[in-house]
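Here the structure comes first, spelled out in structure tokens, and everything after it is commentary.
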Amino acid sequence: IRLRMSSGLTTTSLPAKEIDFSKWGAIEKQKLTKINKITASRLKGAWQEIPHVTQYDDADITELDLFRKELKVSGEKQGIKVTFLPFLIRAVSIVLREKPQFNSSLDHSAENLILKKYINIGVAVDTPGGLVVPVIKDVKNKTIFELSKELMDISSRAKEKRLKPDELAGSTFTVSSLGGIGGTSFSPIVNPPEVAILGVSKSKWSPVFKKETNAFEPRYLMPFCVSYDHRVIDGAAGALFTTRLTEVLGDK
């Protein structure tokens, strides 16, 4: 093992040892879906090949959530469900334009960085068959209502297994939101060939001290994090990205 490490060679995985779990009690064997297997293979490769770093932060979305609720009323009249996700996607697209290294990929040689002039956001969707990541194309040129309609459409078709192959390709950055489910934080795995991914957890009301009033005020905070490829992005850039995203989200 020492020789392999010093020579730069990677060790191969040992074959899994079969275990008879029924020796200790009743079991049920459930076959993995095709999506489960593909996801497992991609995530394993991403975790092994990409040196991950995760930067955490909280965004004050008090005013933004009030604005969302105003648009929600208008959206309902048009049959459009306005969630927080389209606002998040738009905010991400603004920061990606300012910080293009987060909207890039390493080429096949890992010696050149490909900076993309387009912004396509992959959105992780939980389906009965497993996790899929349909892609919202050309995000920076779409309105909140347009993004909302598209999110409704792809989420519905993803769960019905009606997405087209090209709708699952071409993303430059991925958003994984567990805000509607719960949890305080998590560390998402970068979705190659991208170099960064945003993870969002459940927002909550918290007391925040304000110097201006010398008192605590209730604020609606969204915990989030960005995992990134440390070969492309350093820690300072990661912190600047999350800081800028909190500013954009705080300015509706």
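In the Gaussian network model of the chain, springs joining C-alpha atoms below 10 Å, which of 79, 179, 238 carries the largest mean-square fluctuation? Taking springs between Cα atoms under 10 Å, the residue moving most is 79. Spin-label pair residue 152-residue 204: with each label point 7 Å from Cα along the Cα-Cβ axis, the two points sit 3.2 nm from one another. Model label sites at residue 42 and residue 243, defined 7 Å from Cα along the beta-carbon direction, differ in position by 3.3 nm.
Helical content of the chain, expressed as a calculated mean residue ellipticity at 222 nm, amounts to -10500 deg cm²/dmol (DSSP H runs of 4 or more residues, -39,500 (n - 2.57) each, divided by residue number, nearest 500). Remark: the residue 168-residue 185 segment gains 3.5 nm on full extension, using 0.36 nm per residue and subtracting the alpha carbon distance. Compared with the dominant Cα axis of the chain, that is its longest principal axis, helix 85-98 is turned about 80°. Over 26 Å apart at the Cα level, from the set 69/99; 117/159; 23/159; 72/159, are 69/99; 117/159; 23/159.
What's the angle, to the nearest 10 degrees (0 to 90), between helix 34-49's Cα axis and the longest principal axis of the chain? With rounding to tens, the tilt is 90 degrees. Among the trypsin sites (Lys or Arg not before Pro) within segment 145-201, those in coil by DSSP and having at most 13 neighbouring Cβ atoms inside 10 Å are 161, 162. Average accessible surface for the chain: 62 Å² per residue, computed with a 1.4 Å probe over protein heavy atoms with every protein chain in place. The magnitude of the dipole of the chain, with charges of +1 and -1 set on the Cβ of Lys/Arg and Asp/Glu and taken from the Cα centre, is near 660 debye.
Among the trypsin sites (Lys or Arg not before Pro) within segment 52-90, those in coil by DSSP and having at most 15 neighbouring Cβ atoms inside 10 Å are 81.
Subtracting the Cα-Cα distance of residue 66 and residue 78 from their residue separation scaled by 0.36 nm leaves 2.4 nm.
The values are calculated or read from the model by the stated rules, or taken from the named source; none is laboratory data. Everything numeric here is computed off the predicted structure, so don't read it as measured data. Using ideal geometry, Cβ is built from the backbone for each residue, glycine included, and neighbour counts are taken over all protein chains shown. What goes into the accessible areas is simple: the full protein's heavy atoms, side chains included, and nothing from ligands, DNA or RNA. Shrake-Rupley method; radii C 1.70, N 1.55, O 1.52, S 1.80 Å.
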